[in-house]
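All remarks here apply to the structure that follows.
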Amino acid sequence: MPNFHSSGIHINEAGVLPESRRYYNTPSAIARQMFYYPTEIGYYSLDDRYDFLDTSPVAKRASHRNFMLLYVDAGAMEIFNDGRRTLAAPGQLALIDCRKPHRYKALRDSWMLFLHFDGCNTAAFFEQIMAAHSGKWVLSLPAGGHVRSDLLRILDALAHPFTLHPASLSESDLSQTIYRILCELLFPPQENNSPDWDSIAQAIRFILDHLFESLSVEQVAAQVSLSPSHFSRRFKARTGYSPHEYIVLRRIDEAKSLLHTTSLSVKEIAFRVGYHSEVNFIASFTSKTGMSPAAFRRLPI
């Protein structure tokens, strides 16, 4: 258990034990507009009386009606989120949209670390994380990750706000820490020598070696002995791109270079980077960059 600042709020909720602490944060106007920001964070010691309902007065606070990460440090929690129920064990983290119906309760003596946060494109980020995990909202965090330590870092920072204490963080620091947590949940860290990484690395090498040839997802998947659908899921989970999007973006990168370093026509460049139609190339380039190849060529280098 971390060393809490003495001004931590003692919580008067059934099942929340005295050693628990909770801290609030009111973001500035610029943080609301530009950053990710915490609104409430806590580390609760619980017994089996703890049963949080979204109809409670606590749930109606503005600091609660946003998004929540709930990390089970010890014990076990039962969590209901938007009509679905699941269990969370030690080392697991739940993603909860607190704007929707939700409830969570301790099944036995437990420790719960939680963060309420909002800002920037939080809702879209939240949905992307859910989609990346096939709709699962209780996740087992991989070894070597930093989610728990980053949550504790935010907790310690809000226990020492606006001070010269080493744990104190600026609003931009808090935003970057939350962003790092969200990125880790979207793209969990993997060992570079894992079988999964080896197959994706092999696929990327094959794509780059044959980038300007006729290339399909099926061909690339066959090179690493995976079905196209399974390969596509693993590729996106590891890189953030679908295989098709990765191929298109790398071709456009090469086209950008050719537009600025050669006098080749747009049609010649289109065929050189793997397109069979100048029209399709122009449409793809414009879609991905926001300007036509001719307009890009006119830009100063």
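For the range 1-117, which whole percent of the accessible surface, found with a 1.4 angstrom probe, sits on carbon and sulfur atoms? Don't skip to the answer; put the middle values down first.
On the way: 2730 of 5250 Å².
The nonpolar share, carbon plus sulfur, comes to 52 percent.
What trypsin sites (Lys or Arg not before Pro) in the range 42-119 are in a loop by DSSP, with at most 12 other Cβ atoms within 10 Å of the Cβ? Each step should come with its number before you reach the end.
Details: sites: Arg49, Lys60, Arg61, Arg65, Arg84, Arg85, Arg99, Arg103, Lys105, Arg108; in loops: Arg49, Arg61, Arg65, Arg99, Arg108.
Sparse-neighbourhood loop trypsin sites (Lys or Arg not before Pro): Arg49, Arg108.
Within the chain, which whole H helices from DSSP have a Cα span along their axis of at least 20 Å and a mean Kyte-Doolittle hydropathy of -1.0 or more, if any? The partial results should precede the final answer.
Values: long enough: 171-186 (22 Å, 0.29); 195-209 (21 Å, 0.13); 243-261 (27 Å, -0.41).
Helices meeting the span and hydropathy rule in the chain are 171-186, 195-209, 243-261.
Within the range 201-238, list the trypsin sites (Lys or Arg not before Pro) lying in a DSSP loop whose Cβ has at most 14 other Cβ atoms in a 10 Å radius. If you can, show how the numbers build up before the last one.
Details: sites: Arg205, Arg233, Arg234, Lys236, Arg238; in loops: none.
Passing both the DSSP loop test and the Cβ count: no residue.
Using +1 at the C-beta of Lys and Arg and -1 at the C-beta of Asp and Glu, which of Ser216, Asn25, His133 has the Cα lying farthest in the positive direction of the dipole of the chain?
After comparing all options, I get Ser216.
Say the dipole of the chain comes from +1 at the beta carbon of Lys and Arg and -1 at that of Asp and Glu; which of Tyr246, Pro293, His116 then lies farthest toward its positive end?
Result: Pro293.
Roughly how many debye, to the nearest 20, is the charge dipole of the range 228-279 about its Cα centre, given +1 on each Lys and Arg Cβ, -1 on each Asp and Glu Cβ, and no other charges? It would help to have the intermediate numbers written out before the result.
On the way: 9 positive and 5 negative charges, 70 e Å.
Roughly 340 debye for the range 228-279.
Taking only protein heavy atoms into account and a 1.4 Å probe, give the accessible area per residue of the chain in Å².
Working: 15110 Å² over 301 residues.
That works out to 50 Å² for each residue.
So what is the relative contact order of the range 148-301, in percent, for Cα pairs below 8 Å that sit 6 or more residues apart? Each step should come with its number before you reach the end.
Numbers: 118 pairs, mean separation 22.3, N = 154.
Value for the range 148-301: 14 percent.
What value, in deg cm²/dmol to 500, does the helix sum -39500 (n - 2.57) over DSSP H runs of n ≥ 4 give at 222 nm once divided by the residues of the chain?
Numbers: 11 runs with 124 residues, N = 301.
Taken over the chain, the calculation gives -12500 deg cm²/dmol.
Students often forget the sequence filter, so: which lysines lie under 28 Å Cα-Cα from Lys100 once same-chain residues fewer than 8 apart are removed?
Within the straight-line limit of under 28 Å, Lys100 reaches these lysines: Lys60, Lys136.
For Thr286 and Arg61, FRET efficiency with R0 = 45 Å and r from the beta-carbon atoms, rounded to 0.05?
Details: r = 47 Å, r/R0 = 1.03.
Efficiency at R0 = 45 Å is approximately 0.45.
The values are calculated or read from the model by the stated rules, or taken from the named source; none is laboratory data. Predicted model only: the values in this text are computed from it and were never measured. Positions of Cβ are generated from backbone atoms using ideal geometry, with glycine treated the same way; all protein chains shown enter the neighbour counts. With ligands, DNA and RNA removed, areas are computed over all heavy atoms of the protein, side chains included. Shrake-Rupley method; radii C 1.70, N 1.55, O 1.52, S 1.80 Å.
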